[in-house]
Amino acid sequence: MRLSIACILLFFLTSGNFCLAQNKSRTDSLINLLNHNSSISVKEKQTLLEDIISELVEYDSVNAEKYLLIWKKEYYPHTTVAKTFYHKNRGILYLNFSNPHKALAEIDEGLAIAQRGKMELELADFYNNRANVKSETEDDKGALADYDEAIRIYQKIGRKKDAALSLSNKANLYGIKGNFKAAIPIALEALNIREALNDRGGIASTSFNLGIMFKNLEQYEDALRYLSSAEKIYLEQRNEKSLGTVYLVKGSVYRSQGKYDISKATFGKAIPIMEKYDFKAGLVNAYENMGTLAAIADSNEEEALSYYLKAEEIVSALHRNQGKISAGINVAQSYLNLKRYNEFNSKIESIEALARTYGYSSELKEILKLRMLYAMDRQQDAYGKEVLDEYEKLGDSINGVDIRNQINELQIKYETEKKEEQIKLLHSRNELQKQILAANQLALRNNELELDKKNLQLGNQDLKIKNQEALLANNELRIKNNEQEIEVLALSDKNKSLKIRERNRQLLFGAGGVVLLLALGLLYYNRQKIREKARFQEALLEEQDKAAKAVIGAEENERARMSQHLHDGLGQLLSAAKMNLQAAMDYLPDDPKLAKIYDNTLQLVDDSILEMRSVSHELVTNNVMRKGLVNALKELIEKISNNRLRVNLEVNGLLQHVNTDIQLVVYRVLQECIQNVIRHAEASRVDILLNVDKEYLSGVVRDNGKGFDTATTDGKKGIGLSNIEARIKFLKGRYKMVSTPGAGTSLDFEIPL
């Protein structure tokens, strides 16, 4: 149920790309060259300033502003190119340092200049950059429109690499919103372009984002495949910071798979890199995952909450709405597990409002899970069912079979296109080799002809014979050529038939694979749904059982308290009254009538003390807990049985293995039945039968009293019957009461063990 905000925040590593590098050591060397080399030309100085500014805007706002002012003073008034460069980099600077409104103003001004100058490349760059700014301000519709315009212009002017960048940014925007159905096809298109261009950095970036998308879809093997591809390239490039982000996401995948030791080791490689570069999003990721591991692997919820609060503090400073929601989910989870319900409700209401406002469906799904757990904790069954229905509808829309199948089809299409390109390349190579072989054979034949000519020139004596041999040689050569041509045609036909067979085999395997994937996907989805419902029912039954035990315990505690109150309060008052009566005897006049009244009063006080003690003893459960159900019942029957009422008890089976809570409830049920017989039935005989087996404790209570008509009660029950019904239902048992006027009453009950 834990939701790590790692993958959400890490989308921002690539979603705001502006095609600019960050390399501090290189920037320092460029600045040194600019300041200490007086021999550079005006053009070289301008190029150096461009490179310095392009890198400084990524990480050093102070120096970036300094060199932008130098640029503006020296070059801004002269050309539209200089003006667009200035506004583009000021926009990037403001966005990178969390001022999107100023960034948008700079980009709009530069865009207007590029439009007036009909500068298509700069125009496409501004549309791409403005889309990045709009995505920061939650203007998703505007961002998507700008990405589409940038892609259109890049493709028009043949800038495939830049088009792939805008495609990747667009895919990331969909991914951030949890719309992986839209995101993955676009990301695969970007990856296809970058692989065709052998753009290693772009391949790594897109593979990394695809890994995040598949991780959020819980397709962990696909996620690890793409993440490992990105990791390999970053290791080759020695790109330590990007490598650290890959470790963060891989650690999160391993945690989701339950591989906690591998997960901790992977985060152990990532954390030093995040600290080295002061990478706040990465540190948030690490805190989130360390908190989750503390909660899941170590069962230390307090430690987990401390990590989540640290992560939430950093996310709040980053002004990322989705990050705030995800961090809040983890904090709310810990509050719920720690039973801090007021703090849980406050947190869950604030983040749910954000999730619904900005359409974060994946996060809303996690919020609904927490709502369901809260409903079970608080025994709010109706509310829990309502939340479950919304959760299932939302889950189908996010992780449904259709989405998974479409994604799998796109992957298969992508892999098939790659294989077809490889087949075409191999075919071209084969054709080239055939042409080279034919050329060699032709050259060989030409050499043979030249040799024949020389032999003819040298053979003056046997000219006629040589001519005949030459004719024969030519005929043989012609025959060989014909045979070779026939062989070439036969081989060509054979190759075509083999290609057709191979293609048919591939299509057959592909179709079989699609059918198999569909079947497996459907089976997996159904199994997950069944397991989810089973876990919910199991948790609900467990909570009901806890509630039953809590009610029983509370009732027995209240009985004990009342017993103590009767004994210590009313008992002492009655004893004091008796002493005062006895003391008053010395002051009574010698009157027989008054003496009789006095004796009757004293007897009533004694009877009241005995009745009070009897009630006090009946309220407590010491006999049941100490002696067991059977012995406690026997003592109760001995106290009640007299000439007017006879109680018979029969027990079949051993009661030692029966839970004491069940014994206590059965005792109270039988006690209530006997009291009802005494008060209402006017019976002379009560028969009690208890039977115990491996699964149930069943009982029957019958009397020969006056009975009653159950049809005339109109569903109304007295306090006694209500108590009996409530106690049996607490233990998930069932009962049946049968009564007829003049024929007595019978109660049958059965309680599962």
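The values are calculated or read from the model by the stated rules, or taken from the named source; none is laboratory data. Note that the structure is predicted; figures quoted are calculated from it, not measured. A quick note on method: Cβ atoms are made from the backbone with ideal geometry, for glycine too, and the neighbour counts reach across all protein chains shown.
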State whether one or more residues within the stretch 169-176 are part of a helix (DSSP H, G or I), over 29 Å from the mean Cα position of the chain (by Cα) and surrounded by fewer than 23 Cβ atoms within 10 Å (Cβ to Cβ). no
Set Ile107, Ile176: member being more than 20 Å from Ala82 (Cβ to Cβ) and modelled with pLDDT under 95: Ile176
Within the stretch 350-359, is even one residue at pLDDT 85 or above, part of a helix (DSSP H, G or I) and of a type in the set (D, E, K, R)? yes
Answer with yes or no whether Lys269 is part of a helix (DSSP H, G or I) and over 20 Å from the mean Cα position of the chain (by Cα). yes
Scan the stretch 725-743 and report the pairs whose first residue is within 19 Å of Leu664 (Cβ to Cβ) and whose second residue is among the basic types (Lys, Arg) and surrounded by 12 or more Cβ atoms within 10 Å (Cβ to Cβ), with Cβ atoms within less than 6 Å and a gap of 6+ or a chain change. Arg727/Arg668
Is there any pair linking a residue in the stretch 109-121 that is outside the structural domain of His87 (by TED's automatic domain parsing) to one that is of a type in the set (Lys, Arg) and surrounded by 13 or more Cβ atoms within 10 Å (Cβ to Cβ), with Cβ under 6 Å and at least six apart or on different chains, and which? none
Yes or no: Glu288 surrounded by fewer than 16 Cβ atoms within 10 Å (Cβ to Cβ) and part of a helix (DSSP H, G or I)? no
Quick check: anything in the stretch 323-332 at pLDDT 85 or above, surrounded by fewer than 20 Cβ atoms within 10 Å (Cβ to Cβ) and of a type in the set (S, T, N, Q)? no
Scan the stretch 133-154 for residues that are acidic (Asp, Glu) and touching a residue at least 12 places away in the same chain (Cβ under 8 Å) and jot them down. Glu136, Glu138, Asp140, Asp146, Asp148, Glu149
Quick one: Cys673 ticks every box in (1) hydrophobic (A, V, I, L, M, F, W, C); (2) in contact with a strand residue (DSSP E or B) (Cβ under 8 Å, 6 or more places away or on another chain); (3) farther than 24 Å from Gly628 by Cβ except a single one, so which number is it? (3)
Of all residues in the stretch 33-54 being assigned to a helix (DSSP H, G or I) and aliphatic (A, V, I, L, M), which is surrounded by the fewest Cβ atoms within 10 Å (Cβ to Cβ)? Val42
From Met585, Met579, Met562, residue being at pLDDT 70 or above, assigned to a helix (DSSP H, G or I) and within 30 Å of Thr660 (Cβ to Cβ): Met562
Could you tell me which of the residues Val669, Val738, Val665, Val651 is modelled with pLDDT of 90 or more, farther than 24 Å from Leu610 by Cβ and assigned to a helix (DSSP H, G or I)? Val669
Going through (1) assigned to a loop (DSSP other than H, G, I, E, B); (2) within 23 Å of Leu364 (Cα to Cα) one by one, Ala182 fails only at (1)
